[in-house]
Structure formats: structure tokens, C-alpha cells
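A.B. asks: This is the structure, below, for whatever I ask next.
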Amino acid sequence: MHVTISIYLKYITITLMLFTLSACGTLQTIYEETPSLFQKAEKTELNPLLKELRALDLANDREAARNRFMQELITSSDKICEKYKQQILNDSQQWNMYSEKGGLQFETKLKEAISLRQSDRINPNMTILSMHEMDSAEHAMATILTETIESSQKMARIQLKARMEDSIRQYSVKQGLLDLQAYHHSCSVQFAAAAVARARAEKMTPEEKSASIEALLQLRQKLMDEGLNTRAVQQKIDALILAH
């Protein structure tokens, strides 16, 4: 009888120990997982941009919230661009195609050859490209690049304003951010140089430009008479008017 009770007590003791260990293991697992959950929540809370984007989706007037957000980004981009354009103008005085070793050696060779030809008759002001040379060509080029950036961004702002009139379904926050990224990237020497090259290749005569604008104006009027959207046509008209 005593042996049976002893065995029974041992069984209960072992069962309780196993249950306790199991419970401890469960609690340990919870406490091991809990910090990661808190860390994830903390990381989310510490991301102000994510909070700002979520606020756009929760706003009573989502279009107005989107537009305010985009306008703030446009203003920030414009401030950065102003400094960048000034840097282009300042750095232009340091542009030098002869700074590379090969160019410097070639220029030195030409100067030496010219100096050795003492008896030859010359007119330094009548070289084959004298009509195209400028005293401050670097600054002139930098000015063209900065003006190209300004005109391109002016047109882009017109397009942005037009798109921001659309509903959030037609013009999502992400699409707006993509447009803003393109807008910001347009403030670069690379973009300006490509725009100058493209404009030269596609340059119209004043008569062609006037005829194109007139045709677009007639098309816009026709669309208006039919009650159709004229935004795309108006953007083309604005682009032609702003084109050099």
C-alpha cells in the first residue's frame, strides 16, 4: 500500500515537474519573441516618412493632403536645385579639356611647334573658328545649361499642377512621387545637355512654331466645343511657347 502511494506521489511529482518545465519553455519562447515584436513596432514608429505617408491615406481630403505633401517636396527640390545651378556657374571657370594628360601633352606640342615657326606670316585673329570663339565660353555654356534646367522645370511644374487636379484614384501618391523624382533629376548637367542637343535636333523655324501653335489652338477649341478634356493639348501648347 505504502509502495503504491509512493509510486503514485512520484508520478504526480514528475508530471508537475514536466508541466512546470513545459510552462517555463512556453514563457521563454514568448519572452524571446516579444522583444522582436516591440523592436518592429519601435522601428515603424521611428520612421517619420512612413507615418507621413500613412497620414495621407487617413486624411479626410486625400487629394488635398497629397498635394500639400507634393508641394513641400517640390519646394525642397527647388532649393537644392538653386544651389546646384549656382555651382554649375561657379565651377564653369574650372572646365578645361586640357587638364587630362593626353590633352595637355597635345596642347604643349602645338604651342611648341607654333613658337618654332618664327618666319611664317600669320594672323592670330583669323583662325578657321575665330567667329565662334568667345572670351568666356565656359560661362556661356554654363548659363545655357542652367537656363535649360529652369525652362524644363517650369514646364514640368505646369504638368505637375495639372496632374494634381486629378483624384487620388487617377493620380496616386506613388505616381506623384515618381513624377517628383523625375522633376528632381531634371536639375542636372546631364539632363540639360541632353535637352540642348534634342532641342537643336528638333528646332523649328519661327514660322513652323507659329503654325504648330495655331493648329494646336484650333484642336483645343474643337475639343472644348465637344466637351472633351483639353489638358494634353494645352500642355503641348505650353511646351511650344516655352521652347527656345
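A.B. asks: Cβ under 12 Å from residue 237's Cβ, residue 237 left aside: what net charge do those residues give with Lys, Arg +1 and Asp, Glu -1?
C.D. replies: Surrounding charge for residue 237 is +2.
A.B. asks: Further question: Pop the C-beta distance of residue 80 and residue 215 into the FRET formula with R0 = 45 Å and round what comes out to the nearest 0.05.
C.D. replies: So the FRET efficiency works out to roughly 0.70.
A.B. asks: With respect to the cross-link table entries 51/174; 51/83; 85/154, which display a Cα-Cα separation exceeding 22 Å?
C.D. replies: 51/83
A.B. asks: Provide the packing ranking of 48-60, 69-81, i.e. peptides ordered by the mean count of other C-beta atoms within 10 Å per residue, highest first.
C.D. replies: Ranked from most to least packed, the peptides come out as 69-81, 48-60.
No value in this document is a laboratory result; all are computed from the given coordinates. Remember, it's a predicted structure, so these values are computed and weren't measured experimentally. Cβ sites come from the backbone with ideal geometry, for glycine too, and all protein chains shown count toward neighbours.
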